[in-house]
Amino acid sequence: MLSPRLFRTAVVLTTFLTGAVASSVALAQAGKDLVIGFANAKSGWVEAYDTPARRAAMVRIDEINAAGGLMGRHLKVVETDTKSDRAQSAKAGLDALDQGAELLVVSCDYDFGSPAALQAQKKGKLSFFLCAEDIKAGIQGVGKNSFSASVLAAVQGATMAEWAVAKRNVKQAYVLLDSTIEYDKGICTGFDWMAELQKGLTIVGRDTFKNGDASIAAQISRIKALPKEPDAIMLCSYIPGAASAVRQLRAAGINSLILNGSAVDGSYWLDSVPGLSNFVVPVQGSIYGDDPNPKVEEFNKTFAAKFGARPSSTYAYPGYVLIDVWAKAVERAKSTDADKVTAELEKMRNEPTIFGPRTFTKEIHHQNQARMLISEIKAGKPAIVDQWTITKAVPLDVLLKK
């Protein structure tokens, strides 16, 4: 048995050696690149959403590197292609992780990003969806170390319901759901939930279609058979199906206010519906130069200088935000360990970003209440006309019941 003096000496020596090893590890890491892997679509329909968000992430990565890196380490990017294919998503995720990714950034859509995110979860790494807006793109569908910096689809639908009643005196609404992907269902779930809370708002009918349907003539016939044209149509869809549905609705003489989620933000599809008016969507920031926060327009200009064009939709912005909040969490954790970074992310309450505050909790790794800008298309031209924050956060049980 060691004498008290020898025991104290051993403790001191052990402490010194432990500290020396930790210091040498820290020094070794300081000179080593910190790898961020991007397993995203570079072809197929998901590419239209992934590319703007991925490019926005690169802007924030460049800013961090220009300021000296993260914990003294340069951020290095590795990219793999999911090709808008679920099976390829898992392979792309594994490829990026095999190249040393500490953070895996996966596709915007839950269905196409989750196979890659699940690979990160299995390997004990943290993942962020570029802009997924389904509650399963996080704890509920992937695991404890998975996040999205975007605003849940249900919040977008709820925003449209509450805003339309308050600002456009909508009393009758018709719900038209494109049931192709979970995002669409989320929009309608949020709209239905908030509609029930609005006095004087009645849902006079509902119908479904698929994004690839060439015609929604049967659905239009049922709308036109109503005693009165509805004040608003809640269209839960994405491009190209949403554009086709809007074109057919207007061609049939239906002039109701059309509401949708953020997926149809942008002017790139408006040539297919010439002169479109009375069409409203919620967005996280404005790509048109009229955002109330001047820092958003500064970002738009930086993005354009780097990539040759301004962001094509609001879906660019969550890419910047995810790198921003992840980097803050890494700095606070003083580590890239997934569990430690997750713990710091879950402490964030109204964490400021240039695209609005972000909150994460141990139950929800998304935004279930957020300030949204209201973008309206008039005579074929989009512009920000208002902003709105739903008066009540969308509850977890509502988010899960789609």
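Can you spot a residue in the range 290-303 that is closer than 24 Å to Trp45 by Cβ and of a type outside the set (S, T, N, Q)? Checked the range 290-303: at least one residue is closer than 24 Å to Trp45 by Cβ and of a type outside the set (S, T, N, Q). Note on the range 92-108: among residues that are in contact (Cβ under 8 Å) with a residue 60 or more places away in the chain and not hydrophobic (A, V, I, L, M, F, W, C), the one that is surrounded by the most Cβ atoms within 10 Å (Cβ to Cβ) is Ser107.
Listed here are the strands (runs of 3 or more DSSP E) enclosed by the range 202-285 that have at least 1 residues being free of Cβ contacts under 8 Å to residues at least 40 places away in the same chain, surrounded by fewer than 22 Cβ atoms within 10 Å (Cβ to Cβ) and touching a Phe, Trp or Tyr at 6+ places or on another chain (Cβ under 8 Å): 202-209.
Restricting the range 109-131 to residues that are touching a residue at least 40 places away in the same chain (Cβ under 8 Å) and part of a loop (DSSP other than H, G, I, E, B), the residue that is surrounded by the fewest Cβ atoms within 10 Å (Cβ to Cβ) is Gly124. Scanning the range 221-257 for residues that are of a type outside the set (Gly, Ala, Ser) and either touching an Asp or Glu at 6+ places or on another chain (Cβ under 9 Å) or within 19 Å of Gln284 (Cα to Cα) (or both) returns Arg222, Ile223, Met234, Leu235, Cys236, Tyr238, Ile239, Ile254, Asn255, Leu257.
Scanning the range 29-56 for residues that are surrounded by fewer than 23 Cβ atoms within 10 Å (Cβ to Cβ), in contact with a Phe, Trp or Tyr (Cβ under 9 Å, 6 or more places away or on another chain) and closer than 22 Å to Lys328 by Cα gives a single hit, Arg55. Hey, does the range 301-311 have a residue that's surrounded by fewer than 22 Cβ atoms within 10 Å (Cβ to Cβ) and under 25 Å from Thr391 (Cβ atoms)? No: the range 301-311 contains no residue that is surrounded by fewer than 22 Cβ atoms within 10 Å (Cβ to Cβ) and under 25 Å from Thr391 (Cβ atoms).
Would you please name the residue that is farthest from Gly200 (Cα to Cα), looking only at residues in the range 162-177 that are part of a loop (DSSP other than H, G, I, E, B) and not hydrophobic (A, V, I, L, M, F, W, C)? Ranking the candidates gives Asn169 first. Residue by residue through the range 57-77, note down the ones that are hydrophobic (A, V, I, L, M, F, W, C), over 13 Å from Glu331 (Cα atoms) and in contact (Cβ under 8 Å) with a residue 60 or more places away in the chain. If the condition is that a residue be hydrophobic (A, V, I, L, M, F, W, C), over 13 Å from Glu331 (Cα atoms) and in contact (Cβ under 8 Å) with a residue 60 or more places away in the chain, then Ala57, Met58, Val59, Ile61 are the ones that fit. Just give me the residues in the range 343-361 being more than 25 Å from Glu298 (Cα to Cα), in contact (Cβ under 8 Å) with a residue 40 or more places away in the chain and surrounded by fewer than 22 Cβ atoms within 10 Å (Cβ to Cβ), in sequence order. Scanning the range 343-361 gives no hits.
Here, each number is a calculation from the coordinates, and none is a lab measurement. Since this is a predicted model, take the numbers as computed values, not measurements. Note: ideal-geometry Cβ built from the backbone for every residue, glycine included; neighbour counts use all protein chains shown.
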